[in-house]
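What follows is a short report on a single structure.
Coordinate-derived values only; no laboratory data. Just so it is clear, the model here is predicted, and its values are computed rather than measured. Here the Cβ positions follow ideal geometry from the backbone for every residue, glycine too, while neighbour counts run over all protein chains shown.
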Amino acid sequence: MKAIKVKLEENNPDRMKPFMTGAQAELKAILGNIKNYQFFTGETMNPEGMVGLLDFREDGITPFMTFKGGLQVEKC
């Protein structure tokens, strides 16, 4: 989260405060139900990279989540 905050402060300071407010609320929900999540990293296992979250919900839907502010666009 610290890296995302720094990136937003540099590139999009208007987005930083709403992101941090929303992220804190989402993290509380995730931590309250942590046993239902799987965590995914890239092949390099880079500790600076984004961790993807997969939530196994009771309704059968399994959303895969990342924080948009931490993604970097790359052309293939």
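For the reader, a short list of remarks on this structure follows.
- Tally of Lys pairs whose C-alpha atoms are under 21 Å apart, taken over the chain, 8 or more apart or cross-chain: 12
- For the chain, calculated [θ]222 nm from helices alone, where every DSSP H run of n ≥ 4 adds -39500 (n - 2.57): -13000 deg cm²/dmol
- Enclosed volume per residue, in Å³, of the convex hull spanned by Cα atoms of the stretch 3-76: 127 Å³
- Relative contact order, percent, the chain [alpha-carbon distance under 8 Å, six or more residues apart]: 24 percent
- You can think of it this way: the chain between residue 28 and residue 59 has 9.1 nm of extra reach, that is 0.36 nm per residue less the Cα-Cα gap.
- Taken along the Cα-to-beta-carbon direction at a fixed 7 Å, the label points for residue 12 and residue 68 span 0.7 nm.
- Counting only alpha carbon atoms, the long axis of helix 2-11 and the longest principal axis of the chain meet at about 40°.
- Counted residue by residue at 0.36 nm each, then reduced by the alpha carbon distance between them, the extension gain from residue 39 to residue 51 reaches 3.7 nm.
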